[in-house]
Amino acid sequence: MPSGSFITSQERQPPNFLLHRQIGAIPHPEGVEFRIWAPNCSRMGVMIQYGGSNKHIPMNEDEALGKGWFSAVAQLNQDESKELLYQYALPSGNLLPDILSRYQPHGVHGPSQFVDPRQFSWNDSDWRGVPKSDLILYEMHVGSFTFEGTYKAAAERLTELAQLGVNAIELMPLAQAAGKWNWGYDGVQFFSPSASYGSPDELRLFIDRAHSLGMAVIVDVVYNHFGPEGNYFREFGPYVSHRHSTAWGDSPNFDEENCRFVREYFLANAIYWLDEYHFDGLRVDAIHCIQDESPAHFATELGVWFAAYQDQAERALHLIAESNVYDPQMLRKNSAGGHQFDALWCDDFLHSTFAVLSPGINMSQRDYHPCDLHTTLQRGFVYEGGIHDSRKRVPLSDESQRVDLESLVYAIQNHDFIGNHPLGKRLHQITCLDTQRSAATLLILYPAIPMLFMGEEFASENPFSFFVDYTDLYLRTAVEEGRKREYPQHDWTAVRSPCSFEAFAASKVGSRELGDQRIWTWYQKLLLLRKAAKTLGLLRSETLEANWNNHQSFASLCYRSGSDYLNVSVRLHAPGRILDSIQIPVPGNVLLSHNTSCDPNGNSVYELKEHGVIVESNLAILMAEPTQSAV
């Protein structure tokens, strides 16, 4: 049980990994106990609904928990508990959902439902996770991944991803947000997985199924703001900051008076997903937008809690920051003044690659140029900045040292890249299939953690548009106009409203059979090759020499370990650009090739044509099915 000083103290406390089990609606020997921190309320009650009847239960101030805490016990049998809905009765007479709700079957404004996590039977006791060095991420929006848009339907499609070679799924945010469709970044009930996709136990079944197929599951969490609709936190206590704000919604109170439990609320939430749902990690959204002027930033405390939980866990766990640019402090140990995250999203690879493939179209608020690809391949990043630091371009110099590439997450497209295009176009739709094939080769055979976006592997022709389902007319108008202001470089005429059902329905990824099977096979072979090269110790930052020739539009990755080697040669350029072929010596086994031709005289020389790719090595065993023919 948390003590009063534990809740109210401004000093950092030792991690309490049981806190999420001690707050909200929780199992009790006599039924269900309700606990809520509501210092803004002089009194509290809970209205419960079960078996067709309603009952009001007064809540008592609970001094054992601390100042501002209320609790009550509903005496119920197990069957009554299973169907229990409830709302908190405030002094104003308002009935509100629980801000610690585990399930919102009727949306953000409706009653909360009690969930007993002990009733689910897990089958993953032997699961040990996926080490960071082996991660191959696949970003997924549950509602768009299948026609049904449910946890259950997504679970039934996981075999397809296992066959592809993916070993980790990164789910876009699940916290309950307003409406029936949403990207997930407007959550207001942070402990409640979205009811639009199914029940909590159906989410558990999805994760259990993924583990049985050897795939980790990571969830995207949003701790930088409260969603704009359904945010009832102000009614209960000082959860919302008076000092800070964001363009997306209220900022949490991480650094003002009575902020201790607010911090604990989100820290407990992080552990909750790992404990009660067996998630294998968290991707923390826009961590540089978490506003906290405390001596120890919230990100630091989150890193400490996560690392401590990892120490007692029996599986590999991953804490990933979306910082967008390289942040060395994010990866440092807490003892060295860092935040102790395991990895971070670094978008410099994506945007510098795109600057090559589609010059003149900028999908970022930072400037990128084709020559930036050389900087990224050489060093790992172009821009650098921390939580408290301005973001700046760092020129490449002779003194530049390559950073820990294995802790950077790279992609050639993600939800932001596609969704921020007015029409939600994917990379191959802006460029062409051959450019995607070349870019994917460079991504997957580079030492950084590769991440695919759902549908990329078969070049889905369906867009992934931005979509929300606010019921508030003001918010609907604000999001429509806000998109145009945030990305003024795009033409927003004839674009469907992000608040429309059509924007969501059109974003369904579609089936693999409707996509390009040659692209799918190419991705599968790239992933097989990556895994084999990693197993042999070849595909590592320490063994890599990487270069980008902007004049020839030619990227090379050369791995050397003793007498063994792996060479990756890629032509990257905009569609329609006419280039002279370049000759590449190929003394070893050709493992993958596209748009190449060999010397008819039998010399070990290949011509690399437009969008050409050739991967060769002296180790034929790198591929389960090595091929010298174009795919």
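Overview of results
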| read-out | value |
| --- | --- |
| Student exercise, the chain dipole from Lys, Arg, Asp, Glu Cβ charges, in Debye to nearest 20 | 580 |
| DSSP bridge pairs, the chain: antiparallel proportion in percent, nearest 5 | 70 |
| Within the range 262-299, backbone nitrogen closer than 19 Å to the virtual label 7 Å beyond the Cα of Gln22 toward Cβ | 262-276 |
| Solvent-accessible heavy-atom area per residue, rounded to whole Å², over the range 463-550 at 1.4 Å | 50 |
| Compactness of the range 325-370 as Cα Rg over 2.2 N^0.38 Å, two decimals | 1.52 |
| Tail weight of P(r) past 20 Å, computed on alpha-carbon pairs of the range 337-402, percent | 32 |
| Cβ-Cβ FRET estimate between Lys484 and Cys371, R0 fixed at 41 Å, reported to 0.05 | 0.85 |
| Two-decimal Rg/Rh across the range 330-451, once Rg and the Kirkwood Rh are taken from alpha-carbon atoms | 0.97 |
| In the range 123-181, the chymotrypsin sites (Phe, Trp or Tyr not before Pro) that fall in loop regions by DSSP, at most 12 other Cβ within 10 Å | Phe147 |
| Cα-based Rg and Dmax for the range 379-516, where Dmax is the largest Cα-Cα distance (Å) | 18.1, 55 |
| Net charge of Cβ neighbours under 13 Å - reference Pro131; Lys, Arg +1; Asp, Glu -1 | +1 |
| Isotropically averaged projected area of the range 24-84, using the convex hull of Cα atoms (one quarter of hull area), nm² | 4.1 |
| Residue-level accessible surface for Glu293, protein heavy atoms, 1.4 Å, Å² | 120 |
| Whole-Hz ³J(HN,Hα) from phi, Karplus 6.51 cos²θ - 1.76 cosθ + 1.60, for the range 129-136, glycine and proline x | x, 10, x, 4, 5, 9, 4, 10 |
| Relative contact order, percent, the chain [alpha-carbon distance under 8 Å, six or more residues apart] | 10 |
| Radius of gyration, Dmax [the range 492-631; alpha carbons; angstrom] | 18.9, 61 |
| Over the range 79-150, volume per residue of the alpha carbon convex hull, in Å³ | 187 |
| Mean ellipticity per residue at 222 nm, deg cm²/dmol - from DSSP H runs of n ≥ 4 across the chain, formula -39500 (n - 2.57) | -7000 deg cm²/dmol |
| Long-range amide H partners of Val605 with built H, under 5 Å | Val586, Asp599 |
| Equivalent ellipsoid, the range 439-483 (semi-axes from 5 times Cα gyration tensor eigenvalues, Å) | 35, 13, 8 |
| Local electrostatic count at Lys67 - Lys and Arg +1, Asp and Glu -1, tallied over other residues with Cβ under 15 Å | -2 |
| Gain in span if fully extended, Lys609 to Gln552, counting 0.36 nm per residue against the direct Cα distance | 19.4 nm |
| Cα-projected label distance for Arg540 with Asp398, points at 7 Å along beta-carbon direction, nm | 2.9 |
| Solvent-accessible ranking of Lys525, Lys82, largest area first, probe 1.4 Å | Lys82, Lys525 |
| Residues with amide H under 5 Å from that of Ala168, placed H, sequence gap 5 or more | Ile136, Tyr138, Ala216 |
| From the C-alpha gyration tensor of the chain, square roots of 5λ in Å | 46, 24, 24 |
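The values are calculated or read from the model by the stated rules, or taken from the named source; none is laboratory data. Keep in mind it's a predicted model, so treat the numbers as computed, not measured. Methodologically, a virtual Cβ is constructed for each residue, glycine included, from the backbone with ideal geometry; neighbour enumeration extends over all protein chains shown. Ligands, DNA and RNA are excluded from the accessible area calculation, which covers all protein heavy atoms including side chains. Shrake-Rupley method; radii C 1.70, N 1.55, O 1.52, S 1.80 Å.
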